[in-house]
Structure formats: structure tokens, C-alpha cells
Amino acid sequence: MDENKRLGIMRFVLKQTRTQRYWALVLSALMLALVYLLVYATGGTHQAYLHAMYIPVVLIAVIFGLPGGVLVGVVAGVVLGPFMPLNVAEGVPQETVNWLFRSVYFIGVGALVGSIMDQARRQYRRIDELHTTNSETGLPNYQKYLTRFNENEIDEADVSISIIVNNYEDIVVLVGRAMYATLMQDIHRRVNNVIENYDVYQVDARKLWLETDNDTFKNRFNTLIELFAQAVFTINSVPMYVDISFGVYLKDDNDFTRLDAFRASEMAALHAKKNQLKYAIYQSDFAYPQHNLEQLGSLPLAIENGELFLEYQPIINLKNNDVVGLEALVRWNKDGEIIAPLDFIPLAEETKIIDSITDWIVTQVIEDYPNVTQGRDLIIHLNVSQRNLHNPVLIESMLDKIKKANYHRKAIGIEMTESTIMLNLNLSRALLETLRKEGIPMSIDDFGVGYSTFSCLYELPVERLKIDRQFVMDMFDNQGAKHLITVIIDFAHKLGIQVIAEGIETEKQERALKARGCDFGQGFYYAKPMSAKRFTAWLVARETA
């Protein structure tokens, strides 16, 4: 007998459905009646046929455990007791002590087998729970999914959803697996508070799969997304920034298996992350993970082969229209095709490759600085990734290179995104203090996306913050975005922090930002990112115009 058959028999013996238990009860009652008839037809209890009664006793005890074993033992004792003669032909009745003693045996066997089966079921449930639930969170795992569905079963769910924690490793490094498990439980609790009709599986440490119906999806999904929009979770009084992506697969005419449906929702989640969307619904033209792996595999060689290069975008003083700085933006020339940062930096941030890229950027900025600025007192801003913060050797090397270059004080500045800072506030605050002591200007990038640093901004030694470009783009179509820009500028100025608005593309946007007291601007309205040589030419042409 193969392993699958043995497992199938074990599952049937230890864990039956309600229908199986019903038919087992019917069969046992029928066997009780048949044994009664057999004993009566063969002359009574003086024959050995009465021992056939152990069959239904054991069967009921196996299926229903100790209570069932004891009950059927009593019934068997009574059936073959006062209602059954010792000798049918001669009409000789049994002595009471005989059938009572036999009843004790029936009850004893039923109780023994039932007790053994109850213990076996408890052990089975423990093993099954360990096998089919995540040991840290207690949520159903991938094995639970497989026990419910065959991998190749055609998808019957209306909606398949993937929830992916993109910065899982960063959180675990900073707060440990136990607190991360608490976070996953909180994510599930939030889902449970919004969606009633769903199935959930934690298929790996960073990922939840949900199945639900169309009505639930249409009525509750937007509420669920908004619930996660802030992306700040407080676990054991510790605030954590959690980068979550949602991907959705809606059932269509494709003969997708359940597994394919979830993989499609994962692709949609990756698309949402890449494009900075709240969520994405699967489309057949989404990029496949193999492409991502190829990109990652090529990146180390890209650094060695000099395929990476920097472009610079100016930062303008909105009060006098002077150029006060520029931001260094990395690009990748892969076989003649220019690959934008969003197409490879998020991938690199999932691995240690981002440290090599950051180290290269720092070196290149220092090398470019005198040629780009031509003696002008400008600040070049460069970005630091979440993962970079966990590499003290890289941070120390980066600061050492900047100090040694020393073109002038505050020549090179560091930008960290709001989400990077909030991921571990204590670690970020310590780094910011180090930067301040070394005279390196510090800016918060993409401010406002999580609305998370308002409560602690006054504690952070930053000189500037950048309003996320999406708010600037939406300021005339969304009153909330316009109001938030005003609040950010006023709040920052009260703390002595200057404000840079990213994504300025029109004169109308510039005028509105000036009217609100914004200090600096950056965007295509002034100039697109350009090479060091072109930037120098642009700067000279602008000053002589």
C-alpha cells in the first residue's frame, strides 16, 4: 500500500466528516441488529456467535470515541442480555449475572478502544495543527491550502488576493521574529474586521492569500485598502512602518487553477509595489518574476562593467529662482536600453546588491562634484535605502568618503524616505544625529505618503523635507492634497525645517507653492534629470540668459 493510501485511511479513521459519521452510525446499528439475529438464529448465547458483537462495539468506539464506546457497550450488553435466551430451542433464559458480566466486557472493550482513539485523535490534531498552521502566527499555512484543494483544481473562487509585506526582512532584523509574528496577526485582524466571508492562508513569512466572493470584494475591498493606507502599525507600543502591497485576481474565462490564480494575484501585488499603487488587479501583460530574477542577476556585473551612470536634477529656490542644489539619480544602461530606477532599485533593495549600488553612487557623486558645480556652493543630494541602514560598515564608509572629499561644508547631503525613517525610528534618529554632527545635511524624501512622522518630526535633526510628488500633481484636483501641502509647509516652518516640493511640472503649480511659502522646487518644469556634463552646460546657459 502506498503512502497516500495509508494517509487516506488514517485520515478516515481519525477524522471523519459529518456524513461519514452518520453512515458509520447507520452501519453499526444494522450490525447490532444482524448480530442479534445471528445469535438468535444459531440457538442463543450458549454458542460462540455472540462474540461477533465486538465488531459493532469496536467500530462505534473507533468512530465516536470513549462516549460512543461505552454507550454501544451498554446497548450490546442489553441486546444480548435479558432479550436473548441462553438456549432458544429449549427456552432457557440467561442468568442475570452472566449477561451483566458479558456487558461489562462489552463496555470495557468499547471504553478501551474509545479511549485509545480519543488519544490518537488528540495527537492527530496536534500534528495536523503543526503541519497546517504557521507555528508563529497560528494562521493556516500553504499545507492547509493543499489539504483543502488540489494544486491543479480549477479555480472556483470569485476573487483571489495576495497581501505581501515587502519589507519583511527589515522588520525581522530590527524587531525580531516574535514581534513580526504579532504584526502578521494584526494584519489578519484588520482583514477580519472588514471582510467577513473569506478564507486566509499564510503561505510564507511575508505573504497572505485570501479568497472571497465578488460581492464582498466590491463592498468591502476599498475599506480594507484604506485601513492599510497609513501603513503604520503599533506593536507592543513600538511604531513600525510596514510596506504592504495588494494584488487581486478576478475570475474570468481563463481556466486558471487555484494556484495559478494566487500566483496571478502575486504578480499584481509586485506590479502595485513597482508602480507605487495601493493595489493592482491582474492583467495578462504584467511582467513575470523570471524577468526580475534576470535583472537581479545582471546588476552586480552592471556595476563592474560601468553600466550604471548618474543624472542630476536641479533644486530651485522658489523665492529668487536660484539653483541651490541637485539630486543624484542612478540609471542603468543595459545593452543600449536605459532602465529607470523604479525598474531595478526596488529589486536591488530586496538584496545586498543595494549596498554596492549605494557605495558606487557615493563614490561617483564625490568624483562628479567639482565638474558639476564648477565652484558653486551647491548641495548634491543622494538617497539612502532602508537596507543600507542595516549595514554599519557601509554607513561608516559612506560618511568617511564624504568627510574626506570635503569640497566645502554641506557639499553632499543624504536623503532618506519617510518610510525608511519610520521603519526604525531609534536607528534613524541615531544616524541623523551622526550626520548632523558631521555637518552633512539631511532631508526626508517622499514626505506625506504615510503621514507618519508628524508626531516625531520635531525630534529629528533634519534640515529639509520633500513633499511627495503625488500631492503636487493632485493639488488642483484633490482638496485633501492641497490642504495637506499647506499643513506640511506650515508645520515644517514652525520647526525651522525647509520644504522642497517635488514633481513641479507647470507654472501654475509653482505659483501655488510659492503662495503657500514653499522654499524650494524640483521637477520637469525646471529641467529633466541630465548627465553631469549637460547639467553644467544647462547651469551656465541659465545664468547667462
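The values are calculated or read from the model by the stated rules, or taken from the named source; none is laboratory data. Computed from a predicted structure; not experimentally measured. Positions of Cβ are generated from backbone atoms using ideal geometry, with glycine treated the same way; all protein chains shown enter the neighbour counts.
If I filter the range 170-191 down to residues being among the charged types (D, E, K, R) and under 20 Å from Gly247 (Cα atoms), which single residue comes out as surrounded by the fewest Cβ atoms within 10 Å (Cβ to Cβ)?
Initially, the range 170-191 is screened for residues among the charged types (D, E, K, R), giving 170, 177, 186, 189-190.
Filter once more, keeping what is under 20 Å from Gly247 (Cα atoms): 186, 189-190.
Details: Asp186: 16, Arg189: 9, Arg190: 14.
Ranking the qualifying residues of the range 170-191, first place goes to Arg189.
Cβ-Cβ below 6 Å, separation at least six or inter-chain, first residue in the range 58-69 and in the same structural domain as Met117 (by TED's automatic domain parsing) and at positive phi, second surrounded by fewer than 24 Cβ atoms within 10 Å (Cβ to Cβ) and not hydroxyl-bearing (Ser, Thr, Tyr): which pairs?
Going by the 6 Å Cβ cut-off, the qualifying pairs are Gly65/Met117; Gly65/Asp118.
Could you please give the count of residues in the range 358-383 that are without any contact (Cβ under 8 Å) to a residue 40 or more places away in the chain and touching an Asp or Glu at 6+ places or on another chain (Cβ under 7 Å)?
So the first thing to find is which residues in the range 358-383 are without any contact (Cβ under 8 Å) to a residue 40 or more places away in the chain, and the list is 359, 363, 367, 370, 373, 375, 377.
Then drop every residue that is not touching an Asp or Glu at 6+ places or on another chain (Cβ under 7 Å), which leaves none.
Number satisfying all stated conditions: 0.
For the range 195-210: of the residues being among the aliphatic types (A, V, I, L, M) and under 22 Å from Thr223 (Cβ atoms), which is farthest from the chain's Cα centre (by Cα)? Please lay out each step first, then the result.
To start, the set of residues in the range 195-210 that are among the aliphatic types (A, V, I, L, M) comprises 195, 200, 203, 205, 208, 210.
Next cut, under 22 Å from Thr223 (Cβ atoms) only: 195, 200, 208, 210.
On the way: Ile195: 17, Val200: 12, Leu208: 6, Leu210: 12 Å.
Selected residue: Ile195.
Looking at the range 206-219, which of its residues are assigned to a helix (DSSP H, G or I), polar (S, T, N, Q) and crowded, with 18+ Cβ neighbours inside 10 Å?
Step one: of the range 206-219, the residues assigned to a helix (DSSP H, G or I) are 214-219.
Cutting the leftovers down to polar (S, T, N, Q) gives us 214, 216, 219.
Within the range 206-219, Thr216 is the sole residue that qualifies.
Name the residues in the range 20-55 that are within 58 Å of the chain's Cα centre (by Cα) and not aliphatic (A, V, I, L, M), would you?
Scanning the range 20-55 gives Gln20, Arg21, Tyr22, Trp23, Ser28, Tyr54.
Working carefully through the options Ala268, Ala231, Ala287, Ala261, find the one that is modelled with pLDDT under 80 and on the phi < 0 side of the Ramachandran plot.
Values: Ala268 fails: modelled with pLDDT under 80; Ala231 fails: on the phi < 0 side of the Ramachandran plot; Ala261 fails: modelled with pLDDT under 80.
After ruling out the rest, the residue left standing is Ala287.
What are the pairs, 6+ residues apart or on separate chains, where a residue within the range 518-534 that is free of Cβ contacts under 8 Å to residues at least 24 places away in the same chain has its Cβ under 8 Å from a residue that is buried (at least 21 other Cβ atoms within 10 Å of the Cβ) and assigned to a loop (DSSP other than H, G, I, E, B)?
Pairs that qualify, where the first residue is free of Cβ contacts under 8 Å to residues at least 24 places away in the same chain and the partner is buried (at least 21 other Cβ atoms within 10 Å of the Cβ) and assigned to a loop (DSSP other than H, G, I, E, B), are Phe524/Ile504; Tyr525/Ile504.
Only one of these conditions is not met by Lys437: (1) within 26 Å of Ala348 (Cα to Cα); (2) at pLDDT 80 or above. Which number is it?
Among (1) within 26 Å of Ala348 (Cα to Cα); (2) at pLDDT 80 or above, the lone unmet condition for Lys437 is (1).
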